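Down below is the structure, laid out as structure tokens.
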Amino acid sequence: MRLITDDLPKIDEVTVAQIEQVLGGEAFGKFAVLMSSDEAFIQAACVWEPGGQSRRFIEETGSDPFQLEYREKTTGRLFVADGNRTLAEVTRAFIGYLNGQTDWLMRFTWREIDSR
């Protein structure tokens, strides 16, 4: 799998340790994408905005707010997790996806995005 971020070079054949290092360092920019193919991926984007909502999220969680999405390979459908997610939640989801696990799907409520 390939890890692509906003500010760092892409990593082909990424490992768990590399995901932990890149996402844990918070120097990757505003987004990260873990691709199993051109058609299937999990991705997260920082959705911090000036104001009270982001400030409260950071105070409560210790993390910037992130939006988490994934695209199914077989159907091409794109889904977004409801609500803002922490960077720790994003990291766990990326590692689960890398390892071929599906338990990360059960941690969130998902809704389909019209991606056409």
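A short reminder: the numbers here are calculations on the coordinates, not readings from a lab. Given the structure is predicted, the values throughout are model-derived calculations rather than measurements. Glycine also receives a Cβ, built like all others from the backbone with ideal geometry; neighbour counts cover every protein chain displayed.
Quick notes
- Close amide H contacts of Val47 (hydrogens built in the peptide plane, cut-off under 5 Å, sequence separation of 5 or more or a different chain): Phe66, Gln67.
- Under-5 Å amide H pairs with Arg77, H placed in peptide plane, nonlocal only: Glu72
- Under a model in which nothing but the beta-carbon of Lys, Arg (+1) and Asp, Glu (-1) is charged, region 2-113 shows a dipole of about 180 debye around its Cα centre.
- In order through region 29-42: 3J(HN,Hα) via Karplus (6.51 cos²θ - 1.76 cosθ + 1.60), integer Hz, x for Gly, Pro: x, 8, 8, 9, 10, 10, 9, 8, 6, 5, 9, 9, 6, 10
- Region 46-59 - phi-based ³J(HN,Hα) in whole Hz, Karplus 6.51/-1.76/1.60, Gly and Pro as x: 5, 10, 4, 9, x, x, x, 5, 5, 4, 5, 4, 5, 4
- Unit charges at the beta carbon, dipole of the chain: most positive-side option, Val47, Trp104, Phe66: Trp104
- Value of Rg/Rh across the chain [Cα atoms, Kirkwood radius]: 0.95
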